[in-house]
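Here the structure is laid out as structure tokens; the discussion comes afterwards.
Values quoted throughout were computed directly from the atomic coordinates according to the rules given, and no laboratory measurement underlies them. Every value quoted in this text rests on a predicted model; they were computed, and no experiment measured them. Positions of Cβ are backbone-derived with ideal geometry, glycine not excepted, and every protein chain shown enters the neighbour counts.
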Amino acid sequence: MAGQCSFDSFGPGRKLVGEGNVEAQTRQAIENIKALLAQEGATLKNVVDWVVYLVDVNDLPVCGKVAQEYFGDPPPVMTLIGVKALAFPELLVEIRAIAVI
């Protein structure tokens with residue numbers, strides 16, 4: 001699941017969740033992944049690898065805290081990539097996840 005960010009839905013009527021708040025944006029991105037997995041009868045337990053793209057790598061502890069709430073301990077293997085910007089300037093985090101179903 002590539003390009004999961006903090007929009008509440010897909011398409012032209014979507015709204016950003018958590019403007020300026022990396023914790024809220026991380027939570028929404030994971031909720032989006034969770035919803036996509038559910039469409040295939042899977043859960044976050046099926047995620048084996050994920051990549052987090054952060055505009056500010058200093059936000060990693062906040063993202064990690066949210067991830068632990070969703071994935072438990074230990075979480076899936078994670079790669080962090082610091083980026084200058086994402087597709088939309090208001091985005092602070094984007095997540096790509098790989099799940100085995």
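The helix-based estimate of mean residue ellipticity at 222 nm for the chain, built from -39,500 (n - 2.57) per DSSP H run of four or more residues and divided by its residue count, is -9500 deg cm²/dmol to the nearest 500.
Under a Cβ-only charge scheme (Lys and Arg +1, Asp and Glu -1), can you give me the dipole magnitude of the range 22-99 about the Cα centre, in debye to the nearest 20?
Working: 6 positive and 10 negative charges, 23 e Å.
My answer is approximately 100 debye.
For the range 11-96, the equivalent ellipsoid derived from the Cα gyration tensor has semi-axes of 20, 17, 11 Å, listed largest first. Non-local lysine pairs in the chain, meaning eight or more places apart or on different chains, with alpha-carbon distances under 20 Å, amount to 4. PRE reach from MET1 (point 7 Å along Cα→Cβ): which of the range 21-43 fall under 11 Å by backbone N? Zone members listed by number: 28-43. When only Cα pairs below 8 angstrom with a gap of at least 6 residues are kept, the chain shows a relative contact order of 38 percent.
Rounded to the nearest 0.05, what FRET efficiency do VAL48 and GLU69 have when you use their Cβ-Cβ distance and R0 = 22 Å? E(calc), rounded to 0.05, equals 0.75.
When DSSP beta bridges are restricted to pairs lying wholly in the chain, around 60% turn out antiparallel.
Of the peptides 16-23, 50-57, 36-43, the order by per-residue mean of other Cβ atoms within 10 Å, starting with the highest, comes out as 50-57, 16-23, 36-43.
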